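Report on the following structure.
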Amino acid sequence: MENGLLIIEGKREQLKNPNFEAGSPDWKKNREYAQYTSSSLTTRRMHSWQYGRFEMRGRIDIRAGIWPAWWTLGVEKRWPANGEVDIMEYYKGVLLANLIWAGPKGTQSVTTRKPVTSFEDPDWAEKFHVWRLDWDENRMVISVDDLVLNDTDLNKTLNPDGTNPYRQPEYMILNLAIGGDAGGDPSATEFPSRFEVDWVRVYQRE
């Protein structure tokens, strides 16, 4: 915490992997050292919500290799059949607003991509923005600063077994990933990187 903000900070630092196993096929074990550190916060097994308005006011880093996200997952079934909602996801110059669930060949999704440059504001990354999910039994609407990015009819988001992943409680995740296929190359980026969160709120009808 710093000046009333939650700071999720990514650093370039070498850290020994306590679970290292030479030759392991598991990516979590086959690297002796991590070259970066960061954090992920989750409400899994602590709190989940079904329907309502979810809001987060935050400021994100949009430089190369940085991959901040605010997202939710359903409490029942394994991914992707539990239903993923990316309320705020950013990498490689683009904001994403996604719903991902199970499909006959792996995953199905409704994805919106909005380049940050399309805001036509050279100071966009220096400002705080409000991301919002409005969710009821029939619809999910994802927006940023009241601009709708994704409006999805939940009557069409069925898993192959006929279940609807978005008619169950979801838990939240706030994280700052670094690099990877999506995040891109962070080697020329100056660290630390910060994902600054002013507040996260959930409103529900009684």
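Key figures for this structure:
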{"item": "Every residue from region 98-124 that is under 17 Å from the mean Cα position of the chain (by Cα) and either of a type in the set (G, A, S) or modelled with pLDDT under 95 (or both)", "result": "S109"}
{"item": "Matching residues, region 130-148, being in contact (Cβ under 8 Å) with a residue 40 or more places away in the chain and either open to solvent by 20 Å² or more (accessible area, probe 1.4 Å) or more than 15 Å from the chain's Cα centre (by Cα) (or both)", "result": "V130, R132, D134, W135, D136, E137, M140"}
{"item": "Listing of strands (runs of 3 or more DSSP E) fully contained in region 1-75 that carry 2 or more residues being among the small types (G, A, S) and surrounded by 13 or more Cβ atoms within 10 Å (Cβ to Cβ)", "result": "52-59, 66-74"}
{"item": "Of residues in region 99-129 being free of Cβ contacts under 8 Å to residues at least 60 places away in the same chain and among the charged types (D, E, K, R), the one most open to solvent (accessible area, probe 1.4 Å)", "result": "K105"}
{"item": "Top-ranked residue of region 23-66 - restricted to ones that are at pLDDT 95 or above and among the aliphatic types (A, V, I, L, M), ranked as nearest to M140 (Cα to Cα)", "result": "M56"}
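The values are calculated or read from the model by the stated rules, or taken from the named source; none is laboratory data. Quick caveat: nothing in here was measured; it's all calculated off a predicted structure. Using ideal geometry, Cβ is built from the backbone for each residue, glycine included, and neighbour counts are taken over all protein chains shown. Just so you know, the surface numbers come from the protein's heavy atoms only, side chains and all, with ligands and any DNA or RNA stripped out. Shrake-Rupley method; radii C 1.70, N 1.55, O 1.52, S 1.80 Å.
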